[in-house]
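Report on the following structure.
The values are calculated or read from the model by the stated rules, or taken from the named source; none is laboratory data. For clarity, every value in this text was computed on a predicted model and none was experimentally measured. Please note: Cβ atoms are built from the backbone with ideal geometry, for glycine as well, and neighbour counts cover all protein chains shown.
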Amino acid sequence: MTTEKKETNPTENQQYKKSSDEELKKKLTPLQYKVTQQDGTEPPFTNKYNDNEAAGIYVDIVSGEPLFSSLDKFYSETGWPSFTKPLAPENIVEKVNKGWFGTQIEVRSRHANSHLGHIFKDGPPPTDLRYCINSAALRFVPVEDLEKEGYEKYTILFKS
C-alpha cells in the first residue's frame, strides 16, 4: 500500500521534464534506469557519489531538477550519499510505503517522478533525518559549473 505523505505546490521550474521511456533507455545506463524507473537500489560503497566531497549541487539524472546540496551532505557510513535535507523541497515528493518489512518513506523527484532513495530518522542534528539517496539517480554539478548549467541561483550558497 502506497500513500502520499507530503505534497508541495509545483514550482516555476516547469523546464524539468521527463523524457519518454524509449529516450530514457538510450540516455541512462542500465543501473540508472533500474534505480530511477523501476525503484531499484544500487550497491553500497561502490557508487559514484558516496565519497564525493566536492562543493556543488546534486540534480535528478532524468530531469535535471535540483535536489540536494553538498553543504547538507554527510558521511553516514551506510554506503550511499546521505543528506540532512533537500536543497529544493519543492522538487521532492515523500511517499509512505507500507509492506512486509514495515513502513518506509520513499523519496521521489517531483517533475520526473524518479525513485531517489529513502528517508530515515537516524541523521545528525538539526533535522535528525538521513536522506539516503542512490548515486545512480543523481548528477553532480560542481560550483564552478552552476551558472553555465542554469543553476546560478544556487551559487550564493557557496559564497563565503
Only unsatisfied item for F45, checking (1) more than 28 Å from F158 (Cβ to Cβ); (2) in contact with a Gly (Cβ under 8 Å, 6 or more places away or on another chain); (3) without any contact (Cβ under 8 Å) to a residue 40 or more places away in the chain, is (1)
Checked against (1) at pLDDT 95 or above; (2) under 26 Å from P125 (Cα atoms), K6 satisfies every condition except (1)
Flagged pairs (Cβ under 6 angstrom, 6 or more apart or on separate chains; first in the stretch 48-67, aromatic (F, W, Y); second surrounded by 20 or more Cβ atoms within 10 Å (Cβ to Cβ) and in a loop (DSSP other than H, G, I, E, B)) are Y49/P81
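Being basic (K, R) and touching a residue at least 60 places away in the same chain (Cβ under 8 Å) is the filter here, so list the residues in the stretch 80-98 that pass it. Please lay out each step first, then the result.
Looking only at the stretch 80-98, we keep the residues that are basic (K, R), and these are 85, 95, 98.
Listed by number, the residues that qualify are K95, K98.
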The residue that is nearest to the chain's Cα centre (by Cα), considering only those in the stretch 64-104 that are of a type in the set (A, V, I, L, M, F, W, C), buried (at least 17 other Cβ atoms within 10 Å of the Cβ) and over 17 Å from Y49 (Cα atoms), is I92
K48 being assigned to a loop (DSSP other than H, G, I, E, B), among the basic types (K, R) and modelled with pLDDT of 95 or more: yes
Requested in this report: Could you tell me whether E42 is under 24 Å from K27 (Cβ atoms) and outside any strand (DSSP E or B)?
Outcome: yes
How many residues of the stretch 105-157 are surrounded by fewer than 22 Cβ atoms within 10 Å (Cβ to Cβ), closer than 25 Å to S19 by Cβ and among the β-branched types (V, I, T)? The answer is 1
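Can you tell me which residue is nearest to V141 (Cα to Cα) among those in the stretch 79-97 that are of a type outside the set (F, W, Y) and assigned to a loop (DSSP other than H, G, I, E, B)?
Here is the first cut: in the stretch 79-97, the ones of a type outside the set (F, W, Y) are 79, 81-82, 84-97.
This time we only want the ones that are assigned to a loop (DSSP other than H, G, I, E, B), so: 79, 81, 84-88.
Numbers: G79: 21, P81: 15, T84: 19, K85: 18, P86: 15, L87: 13, A88: 15 Å.
Checked the stretch 79-97; the qualifying residue nearest to V141 (Cα to Cα) is L87.
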Across (1) part of a loop (DSSP other than H, G, I, E, B); (2) under 14 Å from V59 (Cβ atoms), K153 clears everything bar (1)
Reported set for the stretch 62-113 where residues are farther than 23 Å from Q15 by Cβ, in contact with a helix residue (DSSP H, G or I) (Cβ under 7 Å, 6 or more places away or on another chain) and of a type in the set (V, I, T) is T84
Per the filter on the stretch 99-111, residues in contact (Cβ under 8 Å) with a residue 40 or more places away in the chain, out of contact with any Phe, Trp or Tyr (no Cβ under 7 Å at 6 or more places or on another chain) and assigned to a loop (DSSP other than H, G, I, E, B) are R110
Over the stretch 52-78, the set of residues over 18 Å from K148 (Cβ atoms), touching a strand residue (DSSP E or B) at 6+ places or on another chain (Cβ under 9 Å), of a type outside the set (V, I, T) and part of a loop (DSSP other than H, G, I, E, B) is N52, E53, S63, Y75, S76
